[in-house]
Amino acid sequence: MKALFAAIGRFLTALRVWTINLLTLGLLVYVVVVVVTISRQVPQPIDPEGKVLILAPEGLVVDQEIYPQDFNFPFSMPESNQVQTRDLVKVIRAAAADDTLAGVLVDFSNAGFAGPSTALLIAEELRKLSEGDKPVIAFSDRMGTASYLMAAQADEIYVHQSGSVALSGLGSYRDYVRELTEKLKITVHNYSQGDYKSAVEGFTRDDMSEPDRRQREEYYGPVWQAFIDVMAAGRNLEPELFQQMADLEPMPLIAEAGYDNLAFALDNGVIDGTLSFPGLRAMMIERFGRDEEAERETYPHIGSDAYFAQLEDSSTSADEVAVVFVQGAIQEGAQGPGVAGSDDIARLIRQAYEDDATKALVLRVNSPGGSIIASDIIRDELMAAQRKDLPVYVSMGDVAASGGVWVSTPADRIYAESTTLTGSIGVAVAFPTFENALDHIGVHFDGVATSRHAGWGPVLPVDEDLDAVFARWASSAYERFVTSVATDREREPDYIRSIAGGRIWLAPRALELGLVDEIGDLEQVVAAVAETAGLGNYQVNYVVDQPSPVFLLLQQFSGTVGIELPETYRDIGSALEAGMSLFRDLSEPSASVLCTTCQVEIR
């Protein structure tokens, strides 16, 4: 028997060793294949002369490309590509100045935008491009609001014959679950400060409050009007036509087979025609000739990535204007897609102002806010930069509200873009307790504690004293917010309180109210702060973290070899993350400076 077990043990050991060896060998072979494949795909320089530049970005257009520094398989891979605004602008401007290009083909159907200011900025660059001598042609299998906004700046617009032009306007709906919480016997405690601070309304109401409705109407209306004005100007049409298309005339929400929609668009000059892909190819060959070097029948062209790779940065000055990004919801910890991690951002600000080459600092804020302590961590480093006698300016992007204001106000000057959403000076505090729900199903709690509220949690009720504690907590956080803004903006607290209350403001109104100092984009802010610093010649240093080597390798694996995480894995990851967040929030009620009203999706 002993010999038998010894033999089984030797067999299992050998099996384990062989299994590990085979897996290791397989992994090594896989890495070698990927490395060889990547090396073969390194783009070779392409002469753009006589070629059509294909400008077809894929992914979300953001201020700064951000990836997680740690890879926790399989949940931390970003779900979409990210396209940096400055890179896209650089390509468009280079194309406008490049007399060797034969033309430009534009397709933004696979691009999304972080917000309206970014979309309008790119549309303006495309308008300038189309003013040149080279033809700019837009084509897509289908167009939504954002992609048509870009296409409208081209000389000609074509859509696939089975596509559509779906202008859906701007809008958002949310769920209201007060009735559900009552039926489930869940008690929601709301200590939010500010009549317009609507972040927790979904738990406390059955419909939208009038203050929230009013501020959304005051924001959506002007931004949508800016969109249709730009589209109308690009096509030399009346703005009312585009409003008519968005108002169900005809079928704005149908992405394909919108035959009536396309006929309406063609008859009214919204597009110039419909084409199949072979039809587009034939038209482009007829106009620009055949690419004799290509293996297939096509026209001479160059992709935007290959074109961008050949562009050079001519700036050589030793003096720098540092730009640090606050992009996404402000949270403690590390940065990631959609997350402005205070630990990383504070470190990058410190890295910038400790660099002797840095003569001025710009904080680019594109955030609806979030954690109070995380916002303060960023704010503290910004003030430390000022103590180094550096001029510090803030550039507000699509949105810089709530916590985005908290981190911005210490700056020497604050710039916002014309459609920037800011304000929302208020505090959101709400959490549920489940004592009634658990009691209803027969679950009861009892115990001992050495102080009145030791061991308290969301399964226990909130008594009168604890209710007063939470109320004072929220009120003091709000007063701290108001006082900080008042001090930084050199205003009386009562005045700031009168324009606060969680209310959002569009940039022109925020300028009138004194929340911002100027209207201008990031490029203008950099030029202004450089002038303040007395810099005649300088270069811009975008102070960012580079993706970790592990992440880059795994990203290449995914993109090069064609590996994609199953949808089920991503769903499980999202569910786990949401569940962990829920339990964390339930066990640790927290105050936040987050503007949920500020999230605007452009379809």
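The listed residues are 421, 466, and the only one of them that is open to solvent by less than 20 Å² (accessible area, probe 1.4 Å) and either free of Cβ contacts under 8 Å to residues at least 60 places away in the same chain or among the charged types (D, E, K, R) (or both) turns out to be 466.
Here is a list of conditions, (1) in contact with a Ser or Thr (Cβ under 9 Å, 6 or more places away or on another chain); (2) open to solvent by less than 10 Å² (accessible area, probe 1.4 Å); (3) farther than 22 Å from residue 311 by Cα, and residue 152 meets all of them except one; can you say which number that is? Residue 152 satisfies every listed condition except (1). Filtered by the rule that a residue be open to solvent by less than 100 Å² (accessible area, probe 1.4 Å) and out of contact with any strand residue (DSSP E or B) (no Cβ under 6 Å at 6 or more places or on another chain), the range 279-295 gives 279, 281, 282, 283, 284, 285, 289, 291, 294. I'd like to know if the range 272-293 contains one or more residues that are closer than 30 Å to residue 240 by Cβ, part of a loop (DSSP other than H, G, I, E, B) and at pLDDT 95 or above. Scanning the range 272-293 turns up at least one residue that is closer than 30 Å to residue 240 by Cβ, part of a loop (DSSP other than H, G, I, E, B) and at pLDDT 95 or above.
Residues considered: 509, 480, 491. Of these, the only one that is surrounded by 13 or more Cβ atoms within 10 Å (Cβ to Cβ), in a loop (DSSP other than H, G, I, E, B) and not small (Gly, Ala, Ser) is 491. Does residue 316 satisfy the criteria of being out of contact with any Lys or Arg (no Cβ under 6 Å at 6 or more places or on another chain), among the hydroxyl-bearing types (Ser, Thr, Tyr), open to solvent by 30 Å² or more (accessible area, probe 1.4 Å) and over 17 Å from residue 143 (Cβ atoms)? Here the answer is yes, as residue 316 does meet what is asked.
Filtered by the rule that a residue be farther than 22 Å from residue 463 by Cβ and open to solvent by less than 40 Å² (accessible area, probe 1.4 Å), the range 178-195 gives a lone residue, 194. Within the range 197-253, the set of residues being open to solvent by 60 Å² or more (accessible area, probe 1.4 Å) and among the small types (Gly, Ala, Ser) comprises 233 only. Within the range 161-177, the residues that satisfy the criterion of being closer than 18 Å to residue 267 by Cβ and crowded, with 16+ Cβ neighbours inside 10 Å are 163, 164, 165, 166, 167. Residue 298 meets the conditions (1) buried (at least 20 other Cβ atoms within 10 Å of the Cβ); (2) outside any strand (DSSP E or B) in every case but one. The failed one is (1). Among the residues of the range 157-181, those that are under 27 Å from residue 203 (Cα atoms) and not in a loop (DSSP other than H, G, I, E, B) comprise 178, 179, 180, 181. Tell me yes or no: at least one residue of the range 351-359 is assigned to a helix (DSSP H, G or I), open to solvent by 20 Å² or more (accessible area, probe 1.4 Å) and more than 25 Å from residue 505 (Cα to Cα). Yes, the range 351-359 contains a residue that is assigned to a helix (DSSP H, G or I), open to solvent by 20 Å² or more (accessible area, probe 1.4 Å) and more than 25 Å from residue 505 (Cα to Cα). Residue 534 meets the conditions (1) outside any loop (DSSP other than H, G, I, E, B); (2) closer than 29 Å to residue 125 by Cα; (3) of a type in the set (Gly, Ala, Ser) in every case but one. The failed one is (1).
The values are calculated or read from the model by the stated rules, or taken from the named source; none is laboratory data. All of these numbers come straight from a predicted model, not from anything done at the bench. For neighbour counting, all protein chains shown are included, and Cβ atoms are generated from backbone atoms with ideal geometry for every residue, glycine included. Note: areas computed on protein heavy atoms with side chains; ligands, DNA, RNA excluded. Shrake-Rupley method; radii C 1.70, N 1.55, O 1.52, S 1.80 Å.
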